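Read the figures in this text as sums done on the coordinates, not as results from a lab. What you see is a predicted model; the values in this text were computed from it and never measured. Positions of Cβ are generated from backbone atoms using ideal geometry, with glycine treated the same way; all protein chains shown enter the neighbour counts.
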Amino acid sequence: MDISLIIKIAGIGMLVSVASQILSKSGRDEQAMLVTIAGIIAALMLLISQISELFDMIVSAFGM
C-alpha cells in the first residue's frame, strides 16, 4: 500500500467535507448529501484495486 493512496483519500475527504458544510449552511441539504455520496464513491473507486488484492491474498492463504 502506497502513502499516496492515503493522501488522495484524505484530500477527497477534506474537499467533500468543506463542500458539504458550505452547501448545508446555505440551505441546500440535498446537494450536500449528493456531494457526500459522490465523495464516498470516488474514494471507493480508488480502493477497488487494493480490496481486490486483499481478497486474492486471503484466497491464496486459505487455499480455496
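Given just the C-alpha atoms of the chain, how large is their convex hull per residue in cubic angstrom?
75
May I ask you to derive the FRET efficiency for I48 and M14 from their Cβ-Cβ distance with R0 = 22 Å, giving the value to the nearest 0.05?
0.55
Between A61 and D29, what is the FRET efficiency for a Förster distance of 35 Å, r being their Cβ-Cβ separation, to the nearest 0.05?
Computed FRET efficiency for A61 and D29: 0.20.
Whole-Hz Karplus ³J(HN,Hα) for the stretch 27-32, in order, using 6.51 cos²θ - 1.76 cosθ + 1.60 and θ = phi - 60°, x for Gly and Pro?
Running phi through 6.51 cos²θ - 1.76 cosθ + 1.60 with θ = phi - 60° gives x, 10, 5, 5, 5, 4 Hz.
Taking the Cα centre of the chain as origin, work out the dipole magnitude from +1 charges on Lys and Arg Cβ and -1 charges on Asp and Glu Cβ, in debye rounded to 20.
260
Taking the highest mean first, how do the peptides 48-56, 36-44 order by number of other beta carbon atoms within 10 angstrom per residue?
Ranked from most to least packed, the peptides come out as 36-44, 48-56.
Choose one of S4, S17, A43: the residue whose Cα lies farthest towards the positive end of the charge dipole of the chain (beta-carbon charges +1 Lys, Arg; -1 Asp, Glu; about the Cα centre).
S17
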